[in-house]
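So the structure is just underneath, and the comments pick up after that.
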Amino acid sequence: MPIQSVNDFVVRFANVNGSGSASANQLFARSIMRMGVPVSPRNIFPSNIQGLPTWYEVRISEAGHMGARGGSDLLVAMNPETWGEDVADIEPGGYIFYDSSRPVPKSAFRDDLTILGMPLTEICLKHYTDPRQRQLFKNIIYVGALAALLDIDLAEIEKLIGEQFRGKDKLIAPNLQALRLGYDYAKANFACPIGVHLKRANAVGDLIFLEGNDAAGLGAVYGGATVCAWYPITPSTSLAESFMAYCKRLRVDKETGKNKFAIVQAEDELSSIGMVIGAAWNGARAFTATSGPGISLMQEFFGLAYFAEIPAVVFDVQRGGPSTGIPTRTQQSDILLAAYASHGDTKHILLLPEDPYECFEFAAQAFDLADRFQTPVFVMLDLDIGSNHRMCKPLKWDDSRQLDRGKVMTAEDLEAGKEFGRYLDVDGDGIPYRTYPGTHPKRGAYFTRGTTKDRYARYTELAAPYIDNMERLLKKFDTAKKYVPGPVLRKASRKTDLGVIYFGSTSASMHEALDMLEKDGVHVDALRVRAFPFSAEVSDFIAAHDRVFVIEQNRDGQLRTLLMVECGIDPAQLTSIPHYGGTPITARFIRKAMSDAVNKATGAGRKETIG
Amino acid sequence: MSFLPKPKFRHPAIETNDLGFTHRDYEGAISTLCAGCGHDSISAAIIKAVYELSLPPHRIAKLSGIGCSSKTPTYFLGASHGFNSVHGRMPSVLTGANLANRDLIYLGVSGDGDSASIGLGQFAHSIRRGVNMVYIVENNGVYGLTKGQFSATSDKGSKNKRGVVNNDAPIDMVSMAIELGATFVGRSFSGDKTQLVPLIKAAIEHRGAAFIDCISPCVAFNNHEGSTKSFDYVRAHNAALNALDFITPRAPISTEYEPGSTEVVRLHDGSSIRLHKIDANHNVHDRAEAMSAIHRHKAAGEIVTGLLYIDEDPQDLHTNLGTIARPLNELNAPELSPSQALLDKMNAALR
């Protein structure tokens, strides 16, 4: 029986990298959003520019589930190389749309599938002579065919094409023609629509659609960053490029045409973070964007910045490690690396955004926190939210918001005779005052170095001032708990002794899994941590539940370790549910893993009630 | 070991510069380097150069990496902000600092281990970016703080204190700097103040990447027979290409040279360098000639010193980046953060 589902299914495009499919696939996803139906697309791509297989998976969910689902209901099979595994991955009773220009043996399909063959190459050969056009328009033609098969409003796609090629009007007509070609063929040759299809809905509202990296780049502009030093690394490159693009648009002085920003592509990650630290030491807001291997390379500098108390904002768009690991796959596996980055006793502030909205918000906030606490702040994105389009709340900015530049002593303060000790805790919060170089002719200059110093930044190697300084740094870190974004609690519909802690890109799948578990009769209170250091709410939450699951996308349960160590939690109380194959975590996975764990603990009696 | 401030006593009739500062106002803490260390002479030359240029000390930022040379910023310009950073990474920190505030004078102090070994990459890239700075390498051919290992500038065949011969080819930092596009390149010797002080002054006034390789013998580990960085060896093999006077519009010219052998190089701020050519063939405006002079003298067993190359009209990193004239660290919320209205527009375009 073919799958029947309206506004709730997954379409998986299997393409060849470099064939120009990306923009056509995005056109497909956007047109669905324009019909008021939420979508969450994901690029699954290799470390390659041309030739290797790539997939684009679009989850369509009127209920608004943005997490990856797993499996596909309709396969758009445009890559013979991955045919076998792609076909195997289709849900029972699913659909396959493929290029039938060359015959495919019946044995290559499955009996339960609805087979939709369309001679795409043949059509292209007939209509186009230019080889590049044949390739590019093939993509648009299949979008047209899908519009007919899935009942997508053709007018929405036509409108999007018009928007996409605004200013390059010559391209509009041939694209519309290709779209129509596919649409008409499908209408004439298939029973449209098929069992899975769209129906106009009103579930999108004012949500916007963008990549986390893009949002973070814009957040850095709003947050007042003026210096960016970076080194290309997947999947963080688009963050620096987004900052660059927004700066060119928003930060060029109208009168002089000069830039109110400086962006340097450094020779490596060490140099990137060195420049960030130099710029921030000198009073500019500065950041770098990188991924795990870059964080490893920057370690020594993080220690210097921590001990010398210099602000720095670091965006870590996490991927699978190591350097030749799975650079184009997602993970949350830099948590411990970043939390304790560098040698010596160091701890750093981490921010854990769940979607592009928080990428924007936390990016801007990171600069305030870095200045306020004079320390590195890590914004921990990952590939799943960083380099995929995601729907989220519209971005917000309070026009009256001032940049919090932290405790900076001015020339007037120094002139008035205010006491200046670079590492002196004046207010009891562990945060000292600093001066920017060049402030005052006679006062406020100091020598910046690691830990061989006293409260007045004078050189010393003695134990007492060393300990004094280290204790103050701890106090400062403790103060940060009140400033970082607090955790978000989602209570179960009834009282429960089960809890779950999660963070970052796991959010979407977690919320869906919680809905499923509720229906299964498993009630779980959920806490999303949004930052490190953890506030008291986090340890209170753990204390209030007999058993707490920690869901994360790494092998070793890194957040769990951090919770155990920093909140003094008994390991037995925290059950790790790791997901680390490089694919985004799904609600199905979470539901099964949690159900299994609960069943194991409570015996077979409850098994029937839990799916 | 602790911080040793210098006593504030001074002669009542001590000379002052145009800003009313005495040379004492440009000093730092008491040096903890070995007695007789060449680096202390370089610190003294820096103090003298900045005093004579009448620069407000707080408008200078001094940055260093790790090593004996990198400790020296503590011993000069006590009223300037200083930054003792990470081994081999001073150039990136300095570059960042310069991006944040283009109005300060940046003095990068490094050593041969710091810049020719661990920091070779950062040295190279800061030079090729044209960062407006004075980059001084205090070059003693040896790792002093870790007690006498060869550095990458040690000459092939030179011996360490225990008699071990270095078999690796040396890195010549001035040739590299010229090759990489430095717009001011000089070499000097810590024992030759008359050459070093005007060279530093000219480098400070130069508005681009200025590099000075200063040979600075290590009295503890590299001042013996068989070393090519000892006081005796450098004195005996020093081939100065030119002698120079740095002339500000205010300062009178004191030295006299043979007519016909001098050339005046004008700098942007109205000051100039008067070059006395010792090697009549050397043209300081010609990169290829500078490289050839270095190689020619090296083949003859000599170390060339003096101003080797200058481009009086350099383009610095800020010019290339097109940054505004105001320091970036002075900008604040209204100029940096766009409005909600703009965000509304962007939100609308993302649907």
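Among the residues making up segment A:255-267, those that are open to solvent by 20 Å² or more (accessible area, probe 1.4 Å), more than 7 Å from chain B (Cβ to nearest Cβ) and in a loop (DSSP other than H, G, I, E, B) are A:255, A:257. For segment B:316-351, the set of residues classified as of a type in the set (S, T, N, Q) and within 7 Å of chain A (Cβ to nearest Cβ) consists of B:323, B:329, B:332, B:337, B:339, B:340, B:347, listed by residue number.
Looking at segment A:110-142, which of its residues are in contact with a strand residue (DSSP E or B) (Cβ under 6 Å, 6 or more places away or on another chain) and either of a type in the set (Val, Ile, Thr) or modelled with pLDDT under 95 (or both)? If the condition is that a residue be in contact with a strand residue (DSSP E or B) (Cβ under 6 Å, 6 or more places away or on another chain) and either of a type in the set (Val, Ile, Thr) or modelled with pLDDT under 95 (or both), then A:114, A:115, A:121 are the ones that fit. Any chance segment A:451-470 includes a residue that's touching a residue at least 60 places away in the same chain (Cβ under 8 Å), within 12 Å of chain B (Cβ to nearest Cβ) and within 41 Å of the chain's Cα centre (by Cα)? Yes - at least one qualifying residue is present in segment A:451-470. For segment B:24-39, a residue qualifies if it is open to solvent by less than 80 Å² (accessible area, probe 1.4 Å) and either assigned to a loop (DSSP other than H, G, I, E, B) or over 22 Å from residue B:214 (Cα atoms) (or both), and the qualifying residues are B:24, B:25, B:28, B:29, B:30, B:31, B:32, B:33, B:34, B:36, B:37. Residues in segment B:87-124 that are crowded, with 24+ Cβ neighbours inside 10 Å, at the interface with another protein chain (Cβ under 10 Å from one of its Cβ atoms) and of a type in the set (A, V, I, L, M, F, W, C): B:90, B:93, B:94, B:97, B:99, B:100.
Taking segment A:478-585 as the region of interest, none of the strands (runs of 3 or more DSSP E) fully inside it holds 3 or more residues being touching an Asp or Glu at 6+ places or on another chain (Cβ under 6 Å) and among the basic types (Lys, Arg). Residues that are open to solvent by 30 Å² or more (accessible area, probe 1.4 Å), part of a loop (DSSP other than H, G, I, E, B), of a type in the set (Gly, Ala, Ser) and touching a strand residue (DSSP E or B) at 6+ places or on another chain (Cβ under 7 Å): does segment B:62-72 have at least one? For segment B:62-72, residues open to solvent by 30 Å² or more (accessible area, probe 1.4 Å), part of a loop (DSSP other than H, G, I, E, B), of a type in the set (Gly, Ala, Ser) and touching a strand residue (DSSP E or B) at 6+ places or on another chain (Cβ under 7 Å): absent. The C-beta contact set for segment A:488-510 (first residue without any contact (Cβ under 8 Å) to a residue 24 or more places away in the chain, second residue open to solvent by 10 Å² or more (accessible area, probe 1.4 Å), distance under 6 angstrom, 6+ apart or interchain) is empty. The lone criterion from (1) surrounded by fewer than 20 Cβ atoms within 10 Å (Cβ to Cβ); (2) within 24 Å of residue A:468 (Cα to Cα); (3) within 12 Å of chain B (Cβ to nearest Cβ) left unmet by residue A:430 is number (3).
Just so you know, in segment A:220-254 the residues that are open to solvent by 30 Å² or more (accessible area, probe 1.4 Å) and at the interface with another protein chain (Cβ under 7 Å from one of its Cβ atoms) include one that is nearest to residue B:341 (Cα to Cα), and it is A:250.
Restricting the first member to segment A:110-121 and to residues that are assigned by TED's automatic domain parsing to the domain that holds residue A:86, and the second to residues that are assigned to a loop (DSSP other than H, G, I, E, B) and open to solvent by 40 Å² or more (accessible area, probe 1.4 Å), the beta-carbon pairs closer than 7 Å and six or more apart or on different chains are A:114/A:2. The condition (being away from chain B (no Cβ under 14 Å), open to solvent by 10 Å² or more (accessible area, probe 1.4 Å) and of a type in the set (Ser, Thr, Tyr)) is satisfied by just one residue among A:506, A:479: A:479. Does residue A:355 satisfy the condition of being open to solvent by less than 10 Å² (accessible area, probe 1.4 Å) and outside the structural domain of residue A:561 (by TED's automatic domain parsing)? In short, no.
Any residue at all in segment A:411-421 that's in contact (Cβ under 8 Å) with a residue 40 or more places away in the chain and within 13 Å of another protein chain (Cβ to nearest Cβ)? No, every residue in segment A:411-421 fails to be in contact (Cβ under 8 Å) with a residue 40 or more places away in the chain and within 13 Å of another protein chain (Cβ to nearest Cβ).
Only residues that are in a helix (DSSP H, G or I) and more than 7 Å from chain A (Cβ to nearest Cβ): list them for segment B:73-86, please. Matches in segment B:73-86: B:73, B:75. Taking the numbered list (1) within 12 Å of chain A (Cβ to nearest Cβ); (2) more than 30 Å from residue A:300 (Cβ to Cβ); (3) at pLDDT 95 or above; (4) open to solvent by less than 40 Å² (accessible area, probe 1.4 Å) in turn, residue B:56 passes all entries but (4). Within segment A:182-220, the residues that satisfy the criterion of being assigned to a helix (DSSP H, G or I) and closer than 30 Å to residue A:92 by Cα are A:182, A:183, A:184, A:185, A:186, A:187, A:188, A:189.
Give segment A:268-278 a look and list any residue that's surrounded by 17 or more Cβ atoms within 10 Å (Cβ to Cβ) and either over 17 Å from residue B:316 (Cα atoms) or without any contact (Cβ under 8 Å) to a residue 24 or more places away in the chain (or both), or say none.
A:269, A:270, A:271, A:272, A:273, A:274, A:276, A:277, A:278
Here B:138, B:179 are screened, and the one residue that is open to solvent by less than 10 Å² (accessible area, probe 1.4 Å), within 26 Å of residue B:287 (Cβ to Cβ) and among the charged types (D, E, K, R) is B:138.
The values are calculated or read from the model by the stated rules, or taken from the named source; none is laboratory data. Bear in mind that the values here come from a model prediction, so they are computed numbers and not experimental data. Glycine gets a Cβ as well: all are built from the backbone with ideal geometry, and neighbour counts include every protein chain shown. To get the accessible areas, we keep the full protein, side chains included, count just its heavy atoms, and leave off ligands, DNA and RNA. Shrake-Rupley method; radii C 1.70, N 1.55, O 1.52, S 1.80 Å.
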